[in-house]
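Read the structure below first, then the notes.
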Amino acid sequence: MTGTMIDVISERIGAPADGVRLFVGLILSQIFAFVHHFLLSKLTNVFVKRVLHVIIGSAIGFLVWGVFCSHHLASGLAFYLIFSVMNWNIATKVNFIFQMGYLLVGYYSNNMSSDYAINWTTSQAILSLKMIGLGFDLNEKKDSKCPSILSIIGYTFFVGNYLVGPLDDFNRFELFMENKLFPEGQHPGLGMGFKRLSHGIFYMIISLVTSSILRSDYLFKEEYANLPFVLRLLYVTVLGHCGLYKYLGVWCIAESACMYMGYTYNGEKKWDGLRNVATMSFHKSTRLQHVIDTWNINTSNWCSRHIFKKCSKEDNWMGLH
């Protein structure tokens, strides 16, 4: 029944069914975030909070990805098993190889065409970085213990960023579960979340409209080749820019859900700690560095923290970039 409804909506609005299913999952995450804001924010039982996120997150995952959400569970369980039975220096390397290998095999088996596909690897890409980053952090803290299996699975299916991010670290997740992420009495407002949500919906509408007008296959037609150079350049520029709007849309919508729960607290009485794109600065970018600084910010920070700085310490610059 759900699949039929999504297929009907997909046909009506001219969007791929997988994209509509992902959007429905993001809306369900929004609903849970609202419930958390008003009813669950004062819940002190850490066990119950983790179980709730596992149940709700995996249910949303099943709706969006079907049985393929089991791949995400497998990644979480593999991480726990690796760090429970191995020396952590070895476990860190094994975990890196496993998580990246699992993701690459998923890409190979699911994205054989030239067109970008929305499937379980969309969430797996975020999860792989989360698990690899957690492995690095554990190895640096020699006196720490391996997190419980419930903590790992809760981190895997955390409702706020399970589907498309924003990318976070395990320490933020644990502080949030224990109600220690932001000061007591300081409750996140809904205003910033609504603003971010409106940005996301705006970008999704623009993406939906422009995708039916500007098509990449037009670039290979003789009609395009016969256009004046200036018009060809303009078409490619607008096509490339509008092609990014679907990412802007889903990132902003997902981030707004985290804002409702207070998960984006940045330590300075602000709620933009997991901002993944600086929208206005991105649109005003005139240099490549501007784009790097304003686009996919959390992934860039992850690479800086776990790859660039670690290689720098070891004077291992070969192939760093």
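The values are calculated or read from the model by the stated rules, or taken from the named source; none is laboratory data. All figures in this text were calculated on a predicted structure; none of them were measured in a lab. Glycine gets a Cβ as well: all are built from the backbone with ideal geometry, and neighbour counts include every protein chain shown. Ligands, DNA and RNA are excluded from the accessible area calculation, which covers all protein heavy atoms including side chains. Shrake-Rupley method; radii C 1.70, N 1.55, O 1.52, S 1.80 Å.
Restricting attention to segment 182-210 and to residues that are over 20 Å from the mean Cα position of the chain (by Cα) and touching a residue at least 60 places away in the same chain (Cβ under 8 Å), the residue that is nearest to ALA257 (Cα to Cα) turns out to be LEU190. Candidates in segment 51-72 are the residues that are out of contact with any Gly (no Cβ under 9 Å at 6 or more places or on another chain) and in contact (Cβ under 8 Å) with a residue 60 or more places away in the chain; of these, the one that is nearest to ASP18 (Cα to Cα) is SER58. So for segment 174-190 (the condition being open to solvent by 60 Å² or more (accessible area, probe 1.4 Å) and farther than 30 Å from LEU150 by Cα), does at least one residue qualify? Checked segment 174-190: no residue is open to solvent by 60 Å² or more (accessible area, probe 1.4 Å) and farther than 30 Å from LEU150 by Cα. Picking from residues in segment 33-50 that are under 17 Å from TYR155 (Cα atoms) and without any contact (Cβ under 8 Å) to a residue 24 or more places away in the chain, the one that is nearest to the chain's Cα centre (by Cα) is VAL48. Inspection of segment 247-259 identifies at least one residue that is open to solvent by 50 Å² or more (accessible area, probe 1.4 Å) and out of contact with any Pro (no Cβ under 6 Å at 6 or more places or on another chain).
Out of ARG275, ARG215, ARG232, one residue alone is within 24 Å of VAL159 (Cβ to Cβ), surrounded by 11 or more Cβ atoms within 10 Å (Cβ to Cβ) and either of a type outside the set (A, V, I, L, M, F, W, C) or within 20 Å of the chain's Cα centre (by Cα) (or both). It is ARG275.
For the criterion of being at pLDDT 95 or above, open to solvent by less than 40 Å² (accessible area, probe 1.4 Å) and of a type outside the set (D, E, K, R), SER128 passes.
Every condition in (1) at pLDDT 85 or above; (2) under 23 Å from PHE34 (Cβ atoms) holds for SER285 except the one numbered (2).
Filter segment 11-37 down to the residues that are open to solvent by 40 Å² or more (accessible area, probe 1.4 Å) and within 17 Å of MET204 (Cα to Cα) and list them by number. GLU11, ARG12, ILE13, GLY14, PRO16, ASP18, ARG21, PHE23, VAL24, ILE27, LEU28 - these are the residues of segment 11-37 that are open to solvent by 40 Å² or more (accessible area, probe 1.4 Å) and within 17 Å of MET204 (Cα to Cα). Picking from residues in segment 70-81 that are open to solvent by 20 Å² or more (accessible area, probe 1.4 Å) and closer than 22 Å to ILE6 by Cβ, the one that is farthest from the chain's Cα centre (by Cα) is SER70.
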